[in-house]
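The values are calculated or read from the model by the stated rules, or taken from the named source; none is laboratory data. Values in this document were obtained by computation on a predicted structure and should not be read as measured data. Cβ: placed from backbone, ideal geometry, glycine included. Neighbour counts: every protein chain shown.
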Amino acid sequence: MSEKNGYIYILTNSSDKVLYIGVTSNLVKRIYEHKNKFVAGFSQKYNLTKLVYYEAVNDMYSAISREKQIKGWLRSKKIELIKNMNPGWTDLSHKIH
């Protein structure tokens with residue numbers, strides 16, 4: 001893990017059909033919370049526990065700006081972003097510990 005202050009991440013479920021885009025200052029903690037269903041709402045409802053994309057940025061302002069940018073994209077562009085980093089859509093959570 002890099003010593004950055006902000007992270008943008010994308011979660012999906014076992015079907016890879018639903019995407020959740022989030023932002024955090026502590027990626028390891030946040031993914032742990034999602035996987036253990038500590039985060040109520042959309043991600044819990046759709047069982048979004050598979051980390052398929054993440055990126056680190058220098059500060060939370062940049063992270064929030066990037067999150068908004070990605071959320072504004074068409075689904076096809078989000079899928080391309082994931083495929084470029086993670087062609088097999090594997091769970092990347094083991095790489096962030």
message: Name the single residue that is modelled with the lowest pLDDT among those in region 77-97 being exposed (fewer than 12 other Cβ atoms within 10 Å of the Cβ) and not in a helix (DSSP H, G or I).
response: HIS97
task: Being over 13 Å from the mean Cα position of the chain (by Cα) and of a type in the set (D, E, K, R) is the filter here, so list the residues in region 20-67 that pass it.
output: LYS37, LYS45, ASP59
task: For region 48-65, enumerate the residues that are out of contact with any Ser or Thr (no Cβ under 7 Å at 6 or more places or on another chain), more than 15 Å from THR90 (Cβ to Cβ) and surrounded by 16 or more Cβ atoms within 10 Å (Cβ to Cβ).
output: GLU55, VAL57, SER62, ALA63
task: State which residue pairs qualify: first residue within 18 Å of ARG30 (Cβ to Cβ) and inside region 56-82, second residue modelled with pLDDT of 95 or more and basic (Lys, Arg) in any location, beta carbons under 8 Å apart, and separation of 6 or more residues or different chains.
output: VAL57/ARG66; ILE70/LYS78
- prompt: Quick check: anything in region 8-16 at pLDDT below 95, part of a helix (DSSP H, G or I) and surrounded by 12 or more Cβ atoms within 10 Å (Cβ to Cβ)?
  reply: no
field: Complete set of residues in region 29-47 that are assigned to a loop (DSSP other than H, G, I, E, B) and among the hydroxyl-bearing types (Ser, Thr, Tyr)
entry: TYR46
